[in-house]
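In what follows, a single structure is set out as structure tokens and then discussed.
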Amino acid sequence: MIAKNLKRMIPLAEEIKCPFAMQALFDMGLINETNIKAMRKKLAESDVPEIAALSERFMSDRDRKKINKQAAAEEVQPSESVEPLAAVYREKLAAMENIYPINMIRDPSTKFPVVTLRDGTAAPDELLRFIIASYAGMDCCRFHEEADKAAALLSYESLTKAVACIKNNMADSYLKYYLFLVPFLCRYGNCETIENILKDFGSFNDYDYGSVLDQIIRSSIILSDTCTAAHKSYHYIS
């Protein structure tokens, strides 16, 4: 059904402000070499830069060289300074309520993977922490839009690798913390990460959290309803 309505997925992804939804279609192989020509124009016309950029996937070497030549001829704008960016998200993170697990996410002793900005430079640690915290508490849904804008500053590959790393580092001793992270993991993780989360559900059946995880995962995945999932996470575990 999705494969037959790929073009309709573009305005849906724009409406829910989730360019990662379109990226997921590439990850799942639903958009590939056989249909990219039909999709390319619609993607390129998108008002969302991250979606428009996907039109360059599966380009011929000739077309790619042409675009690279044009880009090289254009004046290169300096990338945004990392320190002001760090200050902005440090302030946003500090403004969040001091509740578990947000205080744990803010704690410098809680380590997270290094991510990069779209220009390849290292992103400030505060940026990823803000994104994670924005999906970790019941009253944090007001930060979701800002978190998605922050995520758009990052290299998609860097972000999905970081999400997978965070997922893989969650041991059973951190199960309660892991459940708080499920909305974030499902929002920004690629298909492989989400499949691994679903596999975890089977291994958690012996825990009291098993049914809770099921409900949170379902809310996180269906229509990217991560706002509802964040509420469920906080409600069931707090």
**Message:** Which order do the peptides 94-101, 122-129, 161-168 come out in when sorted by mean C-beta neighbours inside 10 angstrom, highest first?
**Reply:** 122-129, 161-168, 94-101
**Prompt:** Taking the simple approach of a point 7 Å from Cα along Cα-to-Cβ for both residue 104 and residue 157, what is their distance in nm?
**Reply:** 3.2
**Request:** Take peptides 106-115, 178-187, 35-44 and line them up by average Cβ neighbours within 10 Å, highest first, as a rough protection proxy.
**Result:** 178-187, 35-44, 106-115
**Asked** For 134, 55, what ranking results if the residue with the fewest other Cβ atoms within 10 Å of its Cβ goes first?
**Response** 55, 134
**Request:** Determine which residues of the stretch 131-151 fall in the zone a paramagnetic label at residue 88 would reach in this model, i.e. backbone nitrogen under 15 Å from the point 7 Å along Cα→Cβ.
**Result:** 131, 145-151
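Every read-out reported here was derived from the displayed coordinates using simple, explicitly stated rules and does not represent laboratory data. Everything numeric here is computed off the predicted structure, so don't read it as measured data. For neighbour counting, all protein chains shown are included, and Cβ atoms are generated from backbone atoms with ideal geometry for every residue, glycine included.
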